[in-house]
1. Give the residue that is nearest to GLU37 (Cα to Cα), with candidates limited to residues of the stretch 64-78 that are in contact with a strand residue (DSSP E or B) (Cβ under 6 Å, 6 or more places away or on another chain) and part of a loop (DSSP other than H, G, I, E, B).
2. Counting only residues that are of a type in the set (Gly, Ala, Ser) and loosely packed, with under 14 Cβ neighbours inside 10 Å, which one in the stretch 1-26 is nearest to ARG56 (Cα to Cα)?
3. How many residues are over 11 Å from the mean Cα position of the chain (by Cα) and either farther than 15 Å from ALA75 by Cα or of a type in the set (A, V, I, L, M) (or both) when one looks only at the stretch 46-64?
4. Starting from residues that are part of a helix (DSSP H, G or I) and either touching a Lys or Arg at 6+ places or on another chain (Cβ under 9 Å) or at positive phi (or both), keep the ones in the stretch 27-63 and report whichever is surrounded by the most Cβ atoms within 10 Å (Cβ to Cβ).
5. Within the stretch 11-21, can one find any residue that is in contact with a Leu (Cβ under 9 Å, 6 or more places away or on another chain), among the β-branched types (Val, Ile, Thr) and in a strand (DSSP E or B)?
Amino acid sequence: MSVRLNGNVIVLEGPCRVEDAEPLLGWLQADGSRVVELTAVEHLHTAVVQVLMALRPGIRGTGNDAFVRDWIVPALTTPEPADTMTQEG
């Protein structure tokens, strides 16, 4: 596995595969203050990215892969826009 819990930090390293999404989800749901370390990550399966996008944990590092560094990390660290739609009624 490429995901491990080290205290309050979830470390993702190497190529993270689909089977890494389940423990990642469980650890983030169990404690929402955990931070995800991406410094040594080489690849993120879409399932892992979906967990990170849905739960929006704190992120450290940018990874060794250009796609993760240039596209995924900015998407995870940019605040979601506020809901600007108003209800009429």
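Read-outs: derived from the displayed coordinates by stated rules, not from any lab. This one's a predicted model, so the numbers in the text were calculated from it and none came from an experiment. All Cβ positions, even for glycine, are placed from backbone atoms using ideal geometry, and neighbour counts span all protein chains on display.
1. ASN64
2. So, considering only residues that are of a type in the set (Gly, Ala, Ser) and loosely packed, with under 14 Cβ neighbours inside 10 Å, the one nearest to ARG56 (Cα to Cα) is GLY26.
3. 1
4. VAL48
5. Checking the stretch 11-21: at least one residue is in contact with a Leu (Cβ under 9 Å, 6 or more places away or on another chain), among the β-branched types (Val, Ile, Thr) and in a strand (DSSP E or B).
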